[in-house]
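Enquirer: For reference, the structure I am asking about is given below.
Here, each number is a calculation from the coordinates, and none is a lab measurement. Bear in mind the structure is a predicted one, so any value in this text is a computation, not a measurement. Ideal geometry is used to build each Cβ from the backbone, glycine not excepted, and the neighbour counts take in all protein chains shown.
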Amino acid sequence: MKAVPDEVAHGELRYVCTGCDDDPLRDLKPQVGGRAAEASGGVVRAVEADPSTVGVETLSGAAWSWSCSMTVVYRPARAEDLEFADALVVSSINDLTVRHNFGQMASPSQPNFQLFSLADDPDGLWVAEADGRILGFAWSWVCGDIWFLAQLFVSPDRQGGSIGNELIKRTLDHAEKSGASNRVLITFAFNAVSQGLYIRHGLFPRFPIYSVSAPREHLVGRLNGPQFECAPLDEEASTLARLAQADERVLGISREKHHRYLINDSRTRGFSLYDGADWLGYAYVDAGGHAGPVAVLQSSAMATAFRTALRLAADSGASQVSAFLPGSSEAALSAALECGMRIKFPMLLMSSRDFGSWAQYLPRNPGFM
């Protein structure tokens, strides 16, 4: 495997590996004029040599050859990859949010929805791997006319090269094969590099989505105002048909398979929302105190639906209650601030075209939508 010289100065050669195609060589020990050399951060230095006697001609004329073990392989993800991929995603998110002064905000979790997506459509999950280490992960799913990029992350020590571009190329192939006409994702609003990448691929910013939260004990005493009656969701055909019809009305697509997933998730509870005998929508909450997704048939019902979801989330006993609120949902944002919730960080929905009524829908998270 060859290395290509990039810069020669002060007895140093900077090399970029044509095999791994993404990062300067690391941990290599080639020979320079019979002396051992070591690579660190892509800079190759002669060892045990007086720098004044190791000239540019000696280094540039040296024979460089070795077996590079860092060739990156791109392949479909397997079930056994997904916990490692989740760890990579957590590391990448925390690296990004710390650099933007938001602190660490991601923590490991079981990759249950990833496993569901893998079983449903294995073409949507890819890994970049070298020497048995996962360096990048991409995950997308399809519902009706929407292709959704749930995650695309590269290990912090391998960013800035070609891995992200290679992964997005494969995910966009998945979008093309699916026949979905709209491509959608949710990304961090402060991640300008990713936004530029997605804009180049035809996905444009539509509106912000705010992560909001509050301590449970702080929230409970402020849940004033009307709330809807609730009934647990089940997997009956009539229930799933009603949920699918609501999503088609609000989002323009049926998400019946995703409702099946949530209803069968042991950490999640789903509820139908009623005003007397009238069915108005649905709400889900999880064991960690997170509310969402929430959908209502009329935007005028969102404030009451959101308060109801917050009460259900508080009933979980979790120490924090949280939600993701679109900037276009004035009712939900107003209700959140009235209840003492605070904005933690902003995200951004990007898509190839407008869709949905986001005054009537609150997403679950950036991977589920």
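Enquirer: Report the net charge of residues surrounding residue 182, where surrounding means a beta-carbon distance below 12 angstrom and charges are Lys +1, Arg +1, Asp -1, Glu -1. Can you show the working numbers first?
Expert: Values: positive: 183, 206, 353; negative: 145, 354.
For residues surrounding residue 182, the net value is +1.
Enquirer: Continuing with the same structure: Looking at the range 267-369, which trypsin sites (Lys or Arg not before Pro) are in a loop (DSSP not H, G, I, E or B) and have at most 14 other Cβ atoms within 10 Å?
Expert: For trypsin sites (Lys or Arg not before Pro) across the range 267-369 that sit outside H, G, I, E and B with at most 14 neighbouring Cβ atoms in 10 Å, the list reads 267, 353.
Enquirer: Below 10 angstrom from the Cβ of residue 295, what's the summed charge of the other residues (Lys, Arg +1; Asp, Glu -1)?
Expert: For residues surrounding residue 295, the net value is +1.
Enquirer: So what is the relative contact order for the range 89-145, in percent, with contacts set as C-alpha pairs under 8 Å and at least six apart?
Expert: 22 percent
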